[in-house]
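The values are calculated or read from the model by the stated rules, or taken from the named source; none is laboratory data. Model, not experiment: these values are computed from the prediction. A quick note on method: Cβ atoms are made from the backbone with ideal geometry, for glycine too, and the neighbour counts reach across all protein chains shown.
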Amino acid sequence: MAFLQVNFISQALMRTVTVNVLLPADKLALPGESLKSEDTPYKTLYLLHGILGNYTDWINGTNIQRWSDEKNVAVVMPSGENMFYLDQEKFHAMYSEFIGRELVDITRKMFPLSDKREDTFIAGLSMGGYGALRNGLKYHETFGYIGAFSSALIIDGLEKRTDESPLFMETRSYAEAIFGDLSKLKESDKNPEWLALKLKEEGIKLPKIYMACGVDDSLMDANRKFYSTLKSAGINVILEEGSGSHEWDFWNRYIKKFLDWLPLSDGMAGMNSGKVGI
């Protein structure tokens, strides 16, 4: 398993950015075993962190490196700051453009990644769950599958916020900085629910959506509502509920379930630091 840190200049963000990449390209044969390298490009998962996080979170918090190797899938992990993976035009911080187009294009140039829609996945947790849903739908021609864990589907009620909370991410000022005019938010493409229904009405082929949320998570009700709305509209979506709250133990379990759900086959056998044939 190759674990790479990549730095490149982003036109969407107008600065140098860092991403982590997992590439299951270095398989070692066990004694007496013959490994034939696959000629096809890798299926790829673009994996987004939550608020307060960065490109290291999924590596530090889960077993994604082991499962990338087992499933023979490349994983690309960028940073989204605290911007909900939305374009911030005033600062030329175009995070949606970066996640949905530029990052996919440049990593396909750098690595042997499939350019097929059905081989390209986007997923994330909390803020990243929102980012995966919104940008997976917005860039539906690029992504064939979406994974959303404990998604921060917080659109409902934002217009009622004040600045009284001691937590910056719960203030009205923060919401307005990220989402813009809150009175217009619900009927805009920044609302994943509105966007999904609009695309469905237009006859657009939507990505398949996998959702998961802990039953003790404060975001559970919002995730159930989103799932029910999309399901009622005939959109291909599933929601799995499990024990746990807004925590890495839950996300570690359900990123594996998501990978099992994706159209992936087990990777080639072989030897690594966790399996040396002893």
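Just a few scattered comments:
- Unique match (being in a loop (DSSP other than H, G, I, E, B) and free of Cβ contacts under 8 Å to residues at least 24 places away in the same chain) among S188, S173: S188
- Meets criteria (touching an Asp or Glu at 6+ places or on another chain (Cβ under 6 Å), modelled with pLDDT of 95 or more and surrounded by 16 or more Cβ atoms within 10 Å (Cβ to Cβ)) for K43: yes
- Meets criteria (closer than 23 Å to L230 by Cα and either over 17 Å from the mean Cα position of the chain (by Cα) or of a type in the set (D, E) (or both)) for I155: yes
- Sub-6 Å Cβ pairs linking a first residue in the range 221-245 that is more than 18 Å from G203 (Cβ to Cβ) to a second residue that is among the charged types (D, E, K, R) and at pLDDT 95 or above, at least 6 apart or interchain, are F226/E193; T229/E193; S245/D216; S245/D217, ordered by first then second residue.
- Top-ranked residue in the range 66-105 [being in a helix (DSSP H, G or I) and hydrophobic (A, V, I, L, M, F, W, C); ranked as nearest to the chain's Cα centre (by Cα)]: I99
- Among the residues of the range 191-216, those that are assigned to a strand (DSSP E or B) and under 23 Å from L52 (Cβ atoms) comprise M211, A212, C213, G214.
- Residue among K186, K231 that is closer than 27 Å to L259 by Cα, of a type outside the set (F, W, Y) and surrounded by fewer than 16 Cβ atoms within 10 Å (Cβ to Cβ): K231
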